[in-house]
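Notes for the one structure printed next.
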Amino acid sequence: MKKFVRVLWRALPFLVLAAVVAGTLFYPVSAETSPSPVCIVRVWNVDTFEGGKGSRTAFLQRAARLAEDGTTFYRVLSYTPEGAQAALDAGELPDILSFGTGLHVPKERCLPLGRQFAGVSAALPWCRGEYRLFSLTDDFEGAGETVVSVGGRNLACAAAYFAEIAGAEEEALSAYLDFLGGKYRYLLGTQRDSARFAARGVNVAMRPLPAYCDLLQYVCVFSEERYEACMRFVGMLLSDSVQSALDDIGMLPAAGASGLTSDPFADAQTYSAAAQAVRAGNAEKIPQNFFKSI
């Protein structure tokens, strides 16, 4: 009996250790103490037109920090239009896409966002630019030639068409410099030109052109698995607090858009046909439903 007790006493540490291990492996952990799974949401930003100042990607990163809740995090990456298009065409999709005019986005893969803009519920604008007519004097009625600033994938020619302005098209920087140099009396540009003038200390007169706007940065959602987290980000992006901060990057709140806009999901062939029609002043050849009322 004494021999058995001695053997038992020597084995006691091992028995205790075995009991602890078994309890750790098989004792059910309370749901209240188990850590919540971490959710990483991928956000791509693609700029297809010039902004005002600063970075739209950096702005999205700031908005993402506001939407994060300790278990959900947003990874915001910047893509070139060419790089994003190649990825989308190959079937590679982020959870959330921020994009502008001229990028061919698979509409059939977009999830509903709970509201509509220009008859579309698969994409909503979260910021916008604005077409503007500039003059070096306060007189917008005097005779003189107009230069239309073109760049990016937006249709400045459509802005000229719907504002009933005729002018020669030039690349954005050339148009800006030729206007300042006196070659043209008027410049049909955007809010980006306002930022350029301000940075250069040049005083110009400006008149907004509200009849048409395709200077819209949209957001759409692809992920069913992370849909709730995606919609939390979209809601934060469209909130009053975030929208009121858009002046930090020289952009305007989406809610102020008016007039006509283009279909954000139109393909390159449709865009080309619409551009040719407005340049020719032939409304009958504009692709049906390409231009939509806001």
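The values are calculated or read from the model by the stated rules, or taken from the named source; none is laboratory data. Just so you know, these numbers come straight off a predicted model, no measurement behind them. Virtual Cβ from ideal backbone geometry, glycine too; neighbours counted across all protein chains shown.
If you check Ala211 against the conditions, is it at pLDDT below 95, more than 21 Å from Leu97 (Cα to Cα) and hydrophobic (A, V, I, L, M, F, W, C)? So Ala211 fails the test.
With the requirement that a residue be of a type in the set (Asp, Glu) and not in a loop (DSSP other than H, G, I, E, B), what does the stretch 94-142 give you?
Across the stretch 94-142, the qualifying residue is only Glu108.
Sub-7 Å Cβ pairs linking a first residue in the stretch 270-287 that is outside the structural domain of Phe162 (by TED's automatic domain parsing) to a second residue that is β-branched (Val, Ile, Thr) and outside any helix (DSSP H, G or I), at least 6 apart or interchain, are Ala274/Ile286; Ala277/Ile286; Val278/Ile286, ordered by first then second residue.
Exactly one of (1) assigned by TED's automatic domain parsing to the domain that holds Gly102; (2) crowded, with 16+ Cβ neighbours inside 10 Å is unmet by Ser241. Its number? Only one criterion is unmet by Ser241, namely (2). Annotation note: Cβ proximity below 9 Å between a residue of the stretch 241-253 that is more than 19 Å from Phe117 (Cα to Cα) and a residue that is among the hydroxyl-bearing types (Ser, Thr, Tyr) and surrounded by fewer than 18 Cβ atoms within 10 Å (Cβ to Cβ) (sequence gap 6+ or interchain) occurs for Ile249/Ser55.
If you check Phe134 against the conditions, is it in contact (Cβ under 8 Å) with a residue 12 or more places away in the chain and surrounded by fewer than 17 Cβ atoms within 10 Å (Cβ to Cβ)? Judged against the criteria, Phe134 is not a match.
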